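K.L.:
A single structure is presented below for examination.
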Amino acid sequence: MKRAHLAGLILGIATVFAVCPAVHAQSPDDFVEKPEEKKEEPSTLKTLAAFGLTALGLVLIMIPVAKTFSSSYSYAQARLMLVNLLRTNPNQAEFMAKKMQGTFCEAIAAALKIGGSAGAQDLKIVSSATIPTYDGVAQGVVGKWKGDVGKAKLGLMAAVGGAGIGLAGASWPAIPIIIATLAIFAFLRLLWFTHDLNSQILRARAEILPEVDQAIVSGRYVGPPPPA
C-alpha cells in the first residue's frame, strides 16, 4: 500500500510539472478573438494622380508622334514622286515637298528654292548653293526631332510613374496601365521615326538632290527672282 501510495504521489507531482508550463505558455490574450486587419481601401488621391500622370504623359508623347504622320508616303514612294516631278514639273515638286514638313522633303524644297534663286545654270554654282542649304535645313529638322524626343521622354516618365501609383493603391489600376502601355508604344514609334529619318536624309542627299540641281540647270524650275 505504501508503495502504491508513493507511486501515485510521484505521478501526481510529474503531472503538475507537465501541465503548468503549458498553462503558463498560453496567456489569457490568446483566448481573446483578435479583430481582423482592415484591408487598405483604394485611395482617391492615388487614383487621381495615376490617371492624371498617365494621361499627361500620353499627351506629351502623342504631340510629336502626330507629326510623324505629316507624310503618308514611304521614302521609296516620296523619292519616286519627287524625282518624276523634278524631271517634269519642278515647281510642283517644290509644292509637294513643302507639304511634308519634318521630313527630308523639307530640305529638298529649301534647296530647290535657294538653288533657283542663284540665277545661274552652271552645275558647280548651283550645287554650291543647294548642298549647304540641304545640309543646313536637314540638320535643323533633325534638331527639332531631338527636342521632341526629349519632351517625349518626360512624358514617358510621367506615364510609367502614373502606372506605378495605380498599382500602389488606385481604383481601376488596369486603366493607368493601359494608358502607360499606349504611351510606351507611341514613344517607340517616335524613336523608330527619328532613326529612320537620319538614313532617309543621307539617301535623299545622294539620290534626289542631284535631280534638284539638274532641274535648275536645265531651266525647268522657275524659281523666285534673284535678290537685287
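K.L.:
Is at least one residue of the range 212-223 free of Cβ contacts under 8 Å to residues at least 24 places away in the same chain, in a helix (DSSP H, G or I), open to solvent by 30 Å² or more (accessible area, probe 1.4 Å) and not aromatic (Phe, Trp, Tyr)?
P.N.:
no
K.L.:
Let me ask something else. Restricting to the range 86-118, name every residue that is hydrophobic (A, V, I, L, M, F, W, C), out of contact with any Pro (no Cβ under 8 Å at 6 or more places or on another chain) and surrounded by fewer than 20 Cβ atoms within 10 Å (Cβ to Cβ).
P.N.:
Narrowing the range 86-118 to residues hydrophobic (A, V, I, L, M, F, W, C): 86, 93, 95-97, 100, 104-105, 107-112, 114, 118.
If we keep only those that are out of contact with any Pro (no Cβ under 8 Å at 6 or more places or on another chain) as well, we get 86, 93, 95-97, 100, 104-105, 107-111, 114.
Correct list: 95, 96, 100.
K.L.:
Continuing with the same structure: How many residues are outside any helix (DSSP H, G or I) and farther than 23 Å from residue 97 by Cβ if we restrict to the range 180-211?
P.N.:
Step one: filter the range 180-211 for residues outside any helix (DSSP H, G or I), giving 208.
Among the residues that remain, those that are also farther than 23 Å from residue 97 by Cβ are: none.
Qualifying residue count, the range 180-211: 0.
K.L.:
Identify, by number, the condition in (1) surrounded by fewer than 20 Cβ atoms within 10 Å (Cβ to Cβ); (2) at pLDDT below 95; (3) in a helix (DSSP H, G or I) that residue 69 doesn't meet.
P.N.:
(3)
K.L.:
Looking only at residues that are within 24 Å of residue 102 (Cα to Cα) and of a type in the set (A, V, I, L, M, F, W, C) in the range 119-140, which one is surrounded by the most Cβ atoms within 10 Å (Cβ to Cβ)?
P.N.:
138
K.L.:
Let me ask something else. Exactly one condition in (1) within 30 Å of residue 160 (Cβ to Cβ); (2) crowded, with 23+ Cβ neighbours inside 10 Å is not met by residue 47; state its number.
P.N.:
Of everything listed in (1) within 30 Å of residue 160 (Cβ to Cβ); (2) crowded, with 23+ Cβ neighbours inside 10 Å, residue 47 misses just condition (2).
The values are calculated or read from the model by the stated rules, or taken from the named source; none is laboratory data. Keep in mind that what you see is a predicted model, and the values were worked out from it rather than measured. Glycine also receives a Cβ, built like all others from the backbone with ideal geometry; neighbour counts cover every protein chain displayed. All accessible areas refer to the heavy atoms of the entire protein, side chains included, with ligands and DNA or RNA removed. Shrake-Rupley method; radii C 1.70, N 1.55, O 1.52, S 1.80 Å.
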